[in-house]
Amino acid sequence: RVVHRQSIRLGRTMKLPCPVEGDPPPLIMWTKDGRNIHSGWTRFRVLQHALRIKEVETDDAGTYICKATNGFGSVNINYTLIVIGEPLNYTDKTSLHWTSVRPRFTQPAKMRKRVIARPVGSSVRLKCTASGNPRPDIVWLKDNRPLVDEDGGGGRDEKKKKWTLSLKNLTPEHSGKYTCHVSNRAGEINATYKVEVIQRTNSKPILTGTHPVNTTVDYGGTTSFQCKVRSDVKPVIQWLKRVEAGDENKFNSTIEVGDHRFVVLPTGEVWSRPDGSYLNKLLITRAKEEDAGMYICLGANTMGYSFRSAYLTVLPDLKPQINAVPTATSPSLPWPVIIGIPAGVAFIFGTALLWFCQSKRTCSASSPSSSSALPAAQRLPVASRERACPTLAAQPANGDKDCLSYEDYVAHQQLLLAHGGAALAPKVYPKIYTDIHTHTHSHVDGKVHQHQHIHYQC
C-alpha cells in the first residue's frame with residue numbers, strides 16, 4: 001500500500017519507497033517536479049526500491065515520481081512531499097535538539113576548484129555558502145590562523161563577507177591556504193582553498209608538454225590537435241596551416257612566416273586549467289587529402305610568442321578505386337536507345353537511297369509510246385522480240401529523219417491501201433525494230449503497272 005502524501009521535518013532523512021517488480025527487472029528513474037534526479041544531487045540517492053533524501057530542506061518539498069520501465073511497459077508512482085519547518089515557540093532543549101540540522105554547503109559545484117593560481121594584481125573570490133539549523137556561523141582561516149580585516153596591510157584590499165571571501169590586488173603575500181569553518185550546535189564542516197599568486201616575469205608564453213604531436217587519421221575520420229600554453233596572463237592561442245606550393249590561390253588570405261605561407265584557421269575557446277596553464281584544441285572532422293600537412297600552434301601575449309608544429313597524415317581513400325571499374329564500363333544511355341539510333345539512321349538513309357534510284361530509272365525512259373496502247377494484232381510475239389533484241393540491240397539509231405515510227409508506218413500503209421485499192425497487198429518488214437524493253441513501276445500506294453518501249457528503224 002502506497003501513501004502518496006508524505007511529510008517530513010526539516011533536516012531529517014526521508015525515504016520514499018518504490019515497490020515495483022517485473023520480469024525482466026524494471027529500470028527505476030526518479031523525477032522531482034519534472035526534473036530527473038541524478039548523481040549530481042548530492043543529498044539524494046536512488047536505491048533499488050526507494051529514494052533517500054538526507055538532511056531535508058524546505059526546497060525539497062514538491063512532487064516526486066518513481067517511473068519503472070521494462071520491455072513490456074511502465075508504471076508510475078506519485079508522491080507529494082511536505083517539509084515541516086521549525087515552530088517559532090520551541091524553547092525547550094529537547095525541541096531545539098530535535099529540529100537541529102548540521103551545516104552543509106549549498107553550492108558545492110562552485111567549490112570544486114580548490115587550487116587557484118592568479119598573477120600579481122588580479123583578484124579572486126572564495127565561496128563557502130552553507131545552510132543549517134540553527135543558521136551556522138562561518139570563520140575564515142589563512143594557514144590555520146584566523147583571518148581578520150586588519151591582517152596583512154601593505155595596500156592589500158581584503159573584504160570578508162558572510163559566505164564569500166574576496167581578495168583583490170593580489171600580491172605574493174596572498175599565497176597560502178584559506179579555510180572556511182562553518183558550524184552550529186548540530187555540527188561543523190570545513191573547506192580549504194590553495195591560492196598561488198604568480199609573480200609576473202614579463203616573459204613570452206611557453207608551450208608545455210609534448211603537444212601538438214604528429215597524427216594520422218583515416219580518410220573521412222575525425223582527429224584533433226591540442227596545445228598547452230603557460231603564461232602570466234591569458235594568452236592568445238592561434239592555429240596555422242602551412243600552404244603547400246601551388247595552393248596559394250585556394251585561400252582568400254595567407255600570412256608569410258619565413259619562407260612559407262600559412263592560412264589562419266578558426267580557433268575555439270581557450271580553457272584555463274587549475275595549474276595556471278591554458279589549453280586549446282583544433283578539431284578536424286571528415287578529413288580529406290587537402291587537410292594533410294603541417295599545423296602550427298601559436299601562443300602569444302604582449303611580451304612575445306612561442307609556437308610548435310606537428311604534421312597530419314590522411315590515409316588514402318580506397319572507395320573511388322573500387323567504384324572506378326563499373327563506372328568506366330557502364331553506359332550512360334539505355335542499350336535500346338544505343339541500338340535504336342543507328343538502326344533508325346540506317347533505315348532512313350536506305351529508304352532515301354531507294355527512292356532516289358527508283359526516281360532515276362523512271363526519268364531515264366526516253367519514248368512516250370507504250371506497247372499497251374497498240375492493237376493486239378500489231379504487237380510482236382514475245383519470243384520474236386527476245387530473238388530480235390540481241391541481234392539488233394547493238395545497231396546504232398540513225399536519228400529522227402532516217403527513222404519512221406510504227407504509227408507512221410501503219411498510217412502510211414493505210415494510205416497506200418486507200419489509193420491503190422485491194423490489189424495492193426500490205427508489205428511486211430520483219431525485224432524493223434532496233435530495241436524493245438519493259439518498264440515495271442511500283443507506287444507508294446501499292447499499285448504496280450508494266451509497259452513496254454519499242455524503238456524502230458527505217
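Things to note:
- Per residue value of the accessible surface for the stretch 1-92 (all protein chains in place, 1.4 Å probe), Å²: 65 Å²
- Surface/4 of the Cα convex hull for the stretch 3-84, nm²: 5.1 nm²
- Spin-label pair residue 114/residue 272, simplified geometry with 7 Å Cα→Cβ offset, distance in nm: 2.0 nm
- For the stretch 206-315, accessible area per residue (1.4 Å probe, heavy atoms of protein chains only), Å²: 58 Å²
- √(5λ) per eigenvalue of the Cα gyration tensor, the stretch 206-315, largest first, Å: 24, 17, 11
- Trypsin sites (Lys or Arg not before Pro) restricted to the stretch 249-303 and DSSP loop, no more than 16 other C-beta within 10 Å: 286, 288
- Projected label distance in nm at residue 311 and residue 59, using a 7 Å step from Cα toward the beta-carbon: 5.6 nm
- Segment residue 1-residue 145, length gained on full extension (0.36 nm per residue, minus Cα span): 46.2 nm
- Each other residue within a Cβ distance under 11 Å of residue 78 adds +1 if Lys or Arg and -1 if Asp or Glu, for a net charge of +2.
- Computed from the C-beta positions of residue 252 and residue 175, the FRET efficiency with R₀ = 60 Å rounds to 0.80.
- Low-density loop cleavage sites - trypsin sites (Lys or Arg not before Pro) in the stretch 1-55, where at most 11 other Cβ are within 10 Å (DSSP): 1
- Using a Förster distance of 30 Å, the FRET efficiency for residue 166-residue 188 (Cβ separation, nearest 0.05): 0.80
- Restricting the GluC sites (Glu not before Pro) of the stretch 1-86 to loop positions (DSSP other than H, G, I, E, B) with no more than 13 neighbouring Cβ atoms within 10 Å leaves 21.
- Rounded Å value of the spacing that divides the Cα centres of the stretch 214-277 and the stretch 26-89: 48 Å
The values are calculated or read from the model by the stated rules, or taken from the named source; none is laboratory data. All figures in this text were calculated on a predicted structure; none of them were measured in a lab. Cβ coordinates were reconstructed from backbone atoms using ideal geometry, including for glycine residues, and neighbour counts include every protein chain displayed. Remember, those area values only see protein heavy atoms, side chains included, never the ligands or the DNA or RNA. Shrake-Rupley method; radii C 1.70, N 1.55, O 1.52, S 1.80 Å.
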